[in-house]
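The values are calculated or read from the model by the stated rules, or taken from the named source; none is laboratory data. In this text, all values refer to a predicted model and were calculated from it rather than measured experimentally. For neighbour counting, all protein chains shown are included, and Cβ atoms are generated from backbone atoms with ideal geometry for every residue, glycine included. Each accessible area value is taken on the protein alone, full model and side chains, heavy atoms only, with ligands, DNA and RNA left out. Shrake-Rupley method; radii C 1.70, N 1.55, O 1.52, S 1.80 Å.
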Amino acid sequence: MADNHFTFTLARLKALEPQSKTYTVRDNKNPALSARVSPGGIVTLQVRRRPKGSHKVVTVSVCKLSDGLPMLKIYERVVRIVQDLNDGLNPNEQRRQDATEADVASLTLQAAYAQYLEKLTPHKELPLSDASRASYGNVMKHLSDWSDLPLVSITPQRLYERYRKIALEKGRSSARTMGALVGSVWTYANIQADDTNEGEEAFGS
């Protein structure tokens, strides 16, 4: 196995050989920078450091060697990460937030509705009845043209206009059921996003 400490160059990093267990080597040029080598030969460059004001060391991924970045670009990323940590910021938290926001922004009504039925109803004290499922299914038929729309694009104004349309065509009871269902799906999606922000670890390039 290579020395545990040496000055990182692309050639030296590419020469690292995988072992039966993951191991780490450190950069002599920047003590905060290390390279983790998996048994599969994946080399991940990372920064390990305590954010200012924290007693916990965090690991922030810089990139994978396979990303093909030059050493200059890698060191530029390291400098930015270290500066954030010195300022008391954890880049992992920002990555997690960005990823969650992207997921929420792309979540369609149909996908959110499917998650709502699958993950929320089993935890209710009273399971969702067949009649309620059938009622919800009928409501979704009124929203079939919205199925592939991102949930965030269904504004209160659009919902109100659809409410009026359904009320005229199917009656106020159907319109109220539609509004309540979309509201419940919205609430559930927001709860899931909040839970993801608080509980998941981010690890990416």
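Structural remarks
- Under 5 Å between amide hydrogens, built in the peptide plane, is the criterion, and for CYS63 it picks out LEU45 among residues at least 5 positions away or on other chains.
- Note on surface exposure: ARG12, ARG77 rank ARG12, ARG77 by accessible area, highest first, 1.4 Å probe.
- With a threshold of 20 Å on the Cα-Cα distance, the over-threshold entries among LYS29/LYS73; LYS141/LYS165; LYS14/LYS56; LYS21/LYS64; LYS21/LYS73; LYS29/LYS56 are LYS14/LYS56; LYS21/LYS73; LYS29/LYS56.
- Between the residues LEU16, PRO39, SER54, the greatest Cα displacement towards the positive end of the dipole of the stretch 1-59, with unit charges on the Cβ of Lys, Arg, Asp and Glu, is found for SER54.
- Rolling a 1.4 Å probe over the protein chains gives THR9 an accessible area of about 60 Å².
- Additional length obtainable on full extension of the chain from ARG48 to ALA114, 0.36 nm per residue less Cα span: 19.8 nm
- Ordering of 181-187, 153-159, 47-53 by burial proxy (mean other Cβ atoms within 10 Å per residue, highest first): 181-187, 47-53, 153-159
- Solvent exposure of the stretch 1-64 as accessible area per residue, Å², 1.4 Å probe: 58 Å²
- Residue-wise HN-Hα coupling along the stretch 131-143, computed from phi with Karplus coefficients 6.51, -1.76, 1.60 (Hz; x: Gly, Pro): 5, 5, 4, 5, 5, 5, x, 5, 4, 5, 5, 5, 10
- LEU107 accessible area, assembled protein chains, probe 1.4 Å, Å²: 30 Å²
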